[in-house]
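Colleague: Here it is: the structure, laid out below.
Values in this text are rule-based calculations from the coordinates and carry no lab data. If you're wondering where the values come from, they're calculated on a predicted model, not measured in any experiment. No Cβ is skipped: glycine too gets one built from the backbone with ideal geometry, and neighbour counts run over all protein chains shown.
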Ligand SMILES: NC(=O)c1ccc[n+]([C@@H]2O[C@H](COP(=O)([O-])OP(=O)(O)OC[C@H]3O[C@@H](n4cnc5c(N)ncnc54)[C@H](OP(=O)(O)O)[C@@H]3O)[C@@H](O)[C@H]2O)c1
């Protein structure tokens with residue numbers, strides 16, 4: 001009973017309180033307005049989960065700047081339709097869809113391999129795809145679903161593309177990695193002994209853990225890149241609460257309550273994506289890495305996320321889990 005309270009009820013209450021805090025902020029603060037960004041013809045970007053929601057808005061905007069955008073997603077028809085829609089709208093740039101299922105490490109490896117074979121450069125990687133509050137389940141490789149999809153899939157993808165990002169960047173024009181985190185990371189607890197939440201499953205705890213892991217990963221990777229003198233930056237973004245299909249897994253009562261609140265207080269997908277696009281493409285962000293951005297501003301993340309020992313521990317464990325040699 002005590003374990004259930006600690007592992008299930010506490011994360012649920014903390015996550016909803018976190019949501020209320022974000023909504024109060026959104027009630028009294030305007031959404032970030034994206035400045036006009038300069039054209040970026042010739043730059044190549046990958047946006048995971050770019051078929052809908054904020055990923056779609058990000059892919060659309062980056063394409064409109066003249067970039068060649070690869071939408072990486074797990075729904076072929078939806079993905080092709082998203083790319084078609086963007087290409088019809090954008091006079092410059094180009095969008096295309098390439099299949100990648102983040103719940104399968106094999107699929108992530110195949111995607112990275114195929115991408116490498118094309119000999120394209122890579123200037124921007126937006127690790128946007130995600131899922132929230134799904135019932136207990138495992139990915140193809142046996143990882144807890146949120147941890148596997150939101151975090152480990154992106155961890156592997158980034159590492160597989162890292163050499164290319166390093167080669168494609170230049171000092172004064174760095175390659176950029178943007179990790180989509182969330183305010184829920186503030187209530188995240190990283191259980192290094194039970195990352196897959198086998199002891200007592202809580203979808204709320206699992207989601208916030210995956211978003212905290214992304215922040216720890218962001219800071220650790222930036223440290224490594226800076227130490228190596230590589231022209232690549234990596235930042236984490238918190239988009240606020242945004243009205244997308246991400247909330248489809250809320251319990252039915254929460255769904256009913258969410259609808260009217262979302263209409264008034266949630267950001268639109270375009271508003272939510274604005275900080276992601278800014279981080280990925282604004283000249284103001286040139287050379288800036290290791291930041292947590294919210295509403296267009298650099299903000300403090302959870303104190304624990306700055307703990308370099310924990311960052312290193314998570315990095316090491318993640319390498320083991322996805323079968324990467326530690327770098
Ligand atoms: N909405 C919010 O309030 C909010 C707040 C904080 C953070 N975020 C984060 O923002 C990101 C984007 O979410 P969103 O709100 O725009 O939600 P969304 O509309 O549900 O978009 C999620 C995207 O992820 C893709 N995806 C899901 N499973 C995948 C898989 N196995 N492999 C590859 N792609 C997969 C989806 O593609 P398919 O349709 O093809 O499955 C979809 O394009 C997520 O990381 C989310 O955690 C959202």
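Colleague: Checking the structure you have, find out if any residue of the range 48-58 is within 14 Å of the ligand (Cβ to nearest atom) and in a strand (DSSP E or B). Write out each step before concluding.
Modeller: Step one: of the range 48-58, the residues within 14 Å of the ligand (Cβ to nearest atom) are 48-58.
Of the ones still in play, those that are also in a strand (DSSP E or B) are 48.
Within the range 48-58, one or more residues are within 14 Å of the ligand (Cβ to nearest atom) and in a strand (DSSP E or B).
Colleague: Working only within the range 166-182, note down all residues that are more than 16 Å from the ligand (Cβ to nearest atom) and either assigned to a helix (DSSP H, G or I) or in contact with a strand residue (DSSP E or B) (Cβ under 8 Å, 6 or more places away or on another chain) (or both).
Modeller: Once the filter is applied, which keeps residues that are more than 16 Å from the ligand (Cβ to nearest atom) and either assigned to a helix (DSSP H, G or I) or in contact with a strand residue (DSSP E or B) (Cβ under 8 Å, 6 or more places away or on another chain) (or both), the range 166-182 yields 166, 167, 168, 169, 174, 175, 176.
Colleague: Are there any pairs with C-beta distances below 6 angstrom linking a residue in the range 42-66 that is over 21 Å from residue 165 (Cβ atoms) to a residue that is more than 15 Å from the ligand (Cβ to nearest atom), with the two at least 6 apart or on different chains, and if so which?
Modeller: 64/90
Colleague: Moving on to the next point. Residue 24 - would you say it is more than 10 Å from the ligand (Cβ to nearest atom) and touching a helix residue (DSSP H, G or I) at 6+ places or on another chain (Cβ under 7 Å)?
Modeller: Against the criterion (more than 10 Å from the ligand (Cβ to nearest atom) and touching a helix residue (DSSP H, G or I) at 6+ places or on another chain (Cβ under 7 Å)), residue 24 does not qualify.
Colleague: State yes or no: is residue 320 in a helix (DSSP H, G or I), more than 13 Å from the ligand (Cβ to nearest atom), without any contact (Cβ under 8 Å) to a residue 24 or more places away in the chain and more than 17 Å from residue 19 (Cβ to Cβ)? Working first, answer last.
Modeller: On the way: in a helix (DSSP H, G or I): yes; more than 13 Å from the ligand (Cβ to nearest atom): yes; without any contact (Cβ under 8 Å) to a residue 24 or more places away in the chain: yes; more than 17 Å from residue 19 (Cβ to Cβ): yes.
So residue 320 passes the test.
Colleague: Among the numbered criteria (1) within 16 Å of the chain's Cα centre (by Cα); (2) within 12 Å of the ligand (Cβ to nearest atom); (3) farther than 30 Å from residue 142 by Cα; (4) buried (at least 22 other Cβ atoms within 10 Å of the Cβ), which one does residue 274 miss?
Modeller: Single failed check for residue 274: (2).
Colleague: To continue, here is another question. Please work out which one of (1) surrounded by 13 or more Cβ atoms within 10 Å (Cβ to Cβ); (2) touching a residue at least 24 places away in the same chain (Cβ under 8 Å); (3) more than 11 Å from the ligand (Cβ to nearest atom) is the condition residue 254 fails and give its number.
Modeller: (2)
Conditions tested, residue by residue: (1) within 16 Å of the ligand (Cβ to nearest atom); (2) crowded, with 21+ Cβ neighbours inside 10 Å; (3) farther than 29 Å from residue 57 by Cβ.
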| site | (1), (2), (3) |
| --- | --- |
| 211 | yes, yes, no |
| 223 | no, no, yes |
| 234 | yes, yes, no |
| 238 | yes, yes, no |
| 241 | yes, yes, no |
| 249 | yes, no, no |
| 287 | no, no, no |
| 293 | yes, yes, no |
| 312 | no, no, yes |
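Colleague: Tally time: how many residues in the range 22-42 are out of contact with any strand residue (DSSP E or B) (no Cβ under 7 Å at 6 or more places or on another chain), surrounded by 12 or more Cβ atoms within 10 Å (Cβ to Cβ) and in a helix (DSSP H, G or I)?
Modeller: 3
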